[in-house]
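**Q** Dropping a structure here in structure tokens format, bear with me for questions.
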Amino acid sequence: MKPWLIILLTTSLIYSCKEEKTSETSTTNTAQKALVESLTLQVQQHPDSSPVRMLLVNALDSMGNFAAALAQVDSMIYRDSLNNGLWFAKGQLQESLKDTTAAIRSYENAVSIYPSVQSQLSLANLYAEKGDKRSLAICQSVGRLGLERETVAHCDFIAGVYHARTGQPQKAVPFFDRCINNNYTYMEAYMEKGFIYFEQKNYTQALQVFDKAITVNNQYADAYYWKAKTNEAAGNKTEAITDYQRALGFDKNLQEARVALERLGS
């Protein structure tokens, strides 16, 4: 086959794939909008139907319209203020809106009504991010329930985050290790552990952690990004460029990687 024909066919194939993806995205968006419109009409016709309204909440959430979804949840809480599930749903939406303070209040309400493990751990996670010691008390309480390893992994991760945020990295790392031992696919634990070594300028250890994360999930864009960032800090420009490119390959919206490549002249 002639070289120019190979190029022509390759270009045609790439264009065709892009067209197909664009078409799929457009079809999905159209279907989601149609679903929201249908559910909105049903809610207007049956305003007291919580199941239908919750379907609308889920549809709005999947579209990223968190504010509208939150408004629907608020309307249900107005009618049923002692439903812990609604307060939990409100907290999740507030987290999506980056309103951590409000999310904490919602999770606290959920836990006060019924202390489900899910609500407790969501609250503990936000406490940990703020360096609030109550996160440890919740994890210890949940840990005593003798639940499955996945829940234990969550507790260890949250405890690790608390110690990391309160400037105690030497205590944080063992918790992240325990988390990974209970769930080796817990990517956030690898990342938090890697961050600690990066901040300590222990680039060799940081690279080992990010490499391990990539071994576990070779399509995890954040791991490639932080491996690249570590290589850049260590003066390994070529390796940094390669991993920034890989990060972008898996997450086109990773603007930090794009900026880094421009900075490095690639």
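**Q** If the only charges are +1 at each Lys and Arg Cβ and -1 at each Asp and Glu Cβ, what is the size of the charge dipole of segment 191-265 around the Cα centre, to the nearest 20 debye?
**A** 80 debye
**Q** Considering only protein heavy atoms, what is the solvent-accessible area of Asp156 at a probe of 1.4 Å, reported in Å² to the nearest 10?
**A** For Asp156, the solvent-accessible surface is approximately 10 Å².
**Q** Separate question: List the pairs from Lys90/Lys133; Lys201/Lys227; Lys98/Lys171; Lys193/Lys229 whose alpha-carbon separation is above 18 Å, in the order I gave them.
**A** Lys90/Lys133; Lys98/Lys171
**Q** Order the peptides 118-127, 136-145, 241-250 from the highest to the lowest mean number of other Cβ atoms within 10 Å of their residues.
**A** 118-127, 241-250, 136-145
**Q** Select one label from (1) 40, 22, 17; (2) 37, 32, 14; (3) 28, 23, 19: the one whose number is semi-axes √(5λ) of the Cα gyration tensor in Å as derived from the coordinates shown.
**A** This structure yields the entry labelled (2).
**Q** Still on this structure, I have one more. With a 1.4 Å probe and all protein chains in place, put Lys227, Lys171, Lys130 in order of accessible area, largest first.
**A** Lys130, Lys171, Lys227
**Q** Would you tell me the accessible area of Val161, worked out with a 1.4 angstrom probe on the heavy atoms of the protein chains, in Å² to the nearest 10?
**A** 0 Å²
**Q** Let me ask another. Rounded to the nearest Å, what's the spacing between the alpha carbon centres of segment 114-139 and segment 197-234? Just the number, please.
**A** After rounding, the separation between the Cα centres reads 28 Å.
**Q** Moving on. Just how large is the dipole of the chain about the Cα centre, in debye to the nearest 20, putting +1 at every Lys and Arg Cβ and -1 at every Asp and Glu Cβ?
**A** 460 debye
**Q** Per DSSP H run of n ≥ 4, the term is -39500 (n - 2.57); total these for the chain, divide by its residue number, and report the mean residue ellipticity at 222 nm rounded to 500 deg cm²/dmol.
**A** -26500 deg cm²/dmol
The values are calculated or read from the model by the stated rules, or taken from the named source; none is laboratory data. Given the structure is predicted, the values throughout are model-derived calculations rather than measurements. Every residue, glycine as well, gets a Cβ built from its backbone with ideal geometry; the counts of neighbours run over all protein chains shown. Accessible surface areas use protein heavy atoms only, side chains included; no ligands, DNA or RNA. Shrake-Rupley method; radii C 1.70, N 1.55, O 1.52, S 1.80 Å.
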